[in-house]
1. Nearest-5 percent of antiparallel DSSP beta bridges in chain B?
2. So what J values fall out for segment B:103-108 if you push phi through Karplus, 6.51 cos²θ - 1.76 cosθ + 1.60 with θ = phi - 60°, rounded to Hz, Gly and Pro as x?
3. Per residue of B:101-109, how many C-beta atoms from partner chains lie within 10 Å of its own C-beta, taken as a mean?
4. For residue A:108, which sequence-distant residues (separation of 5 or more, or a different chain) have an amide H within less than 5 Å of its own amide H, given hydrogens modelled in the peptide plane?
5. Hey, could you grab the Kirkwood Rh for chain A? Inverse mean 1/r over distinct alpha carbon pairs, Å, one decimal.
6. With 10 angstrom as the radius, rank B:94, A:23 by how many other C-beta atoms surround their C-beta, starting from the fewest.
7. Using Cβ counts within 10 Å as a stand-in for footprinting exposure, how do B:78, B:107 rank, fewest first?
8. Over the residues of chain B, compute the C-alpha Rg and express it relative to 2.2 N^0.38 Å.
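Read-outs throughout are calculated quantities, based only on the coordinates presented, and are distinct from any laboratory measurement. Note that the coordinates shown come from a computational prediction; the quantities given were computed from them, not determined experimentally. So basically every Cβ, Gly included, is an ideal-geometry build from the backbone, and we count neighbours across all protein chains shown.
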Amino acid sequence: GENVEQHPSTLSVQEGDSAVIKCTYSDSASNYFPWYKQELGKGPQLIIDIRSNVGEKKDQRIAVTLNKTAKHFSLHITETQPEDSAVYFCAARGGYQKVTFGTGTKLQVIP
Amino acid sequence: GAVVSQHPSRVICKSGTSVKIECRSLDFQATTMFWYRQFPKQSLMLMATSNEGSKATYEQGVEKDKFLINHASLTLSTLTVTSAHPEDSSFYICSTKAFFGQGTRLTVV
C-alpha cells in the first residue's frame, strides 16, 4: 500500500517568514496530492491540492510543488501569519480513492 | 461553507451503550465516503470506506461488528460505535473524496 512520510513534525517560524513542509510517497500510481490544515478539535480543511500532471500550483500565499520522478511534494507558505498556526497534513490518493495521510506537521508562527 | 456536515460534534456516552455519528454531503452526491479515527497528536487512520448501497470495506484490524457503517443514501453515511468502551474514546472524522466533516469527539465513560 501507499506510504506517506512527512517532515518536519514540528516547525516554528517568525511571523512574516516562509514555512516549508515536505512529503514523500511510495506508490507511483498515486495521482492526487491534497494538503490539509487542521485546527484543534476540528476536522481537516483542504487548503490546496495538486494533481500528478502538474508540477506546481499557487494560491495566494500558499504553493505546492510536485516532483513525480522523485515522489516528493512540498507545501510552501509565504508571509506567515499567526493564524497559519495549526497542524498540516499532506496526503496521497491513488486509484482506489483511498487517501493516505502523512504524520502531520505542527506549525507555530511566532508573532 | 461546509460541504460535508458531521454530527454530533461531541458526545459523551456510558460504557456499553451505542453511539451513532452522521455524515452528510451537502449539495452533492457522494457514492463513497470515508471514516477515520484520530488519536491525540496523531495522524488520521482510515477505518473503513462507506459505499452507497453496498457493504462498507473495512481496513485491517477494524472490527466491522464494532463499528457499523450504513450508507443508505447518496448524501448520508452513518457510523455506529456499538457497545462502546473507554478505549473507543477518540476523534472520529468522515470525508468524501476531498472534503472532511467537522469531526466527532467521542468520550466513553
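1. If we restrict to bridges inside chain B, about 90 percent are antiparallel.
2. Each residue's phi maps through the Karplus curve to give x, 10, 8, 9, 10, 9 Hz.
3. Details: counts 3, 5, 5, 1, 1, 0, 0, 0, 0.
Taking all residues of B:101-109 together, the mean is 2.
4. Hits under the 5 Å cutoff: A:11, A:12, A:13.
5. One decimal place: 13.9 Å for the Kirkwood radius.
6. Placing the least packed residue first, the sequence is A:23, B:94.
7. Lowest to highest Cβ neighbour count: B:107, B:78.
8. Details: Rg = 12.8 Å, N = 109, 2.2 N^0.38 = 13.1 Å.
Rg over 2.2 N^0.38 Å, computed on Cα atoms: 0.98.
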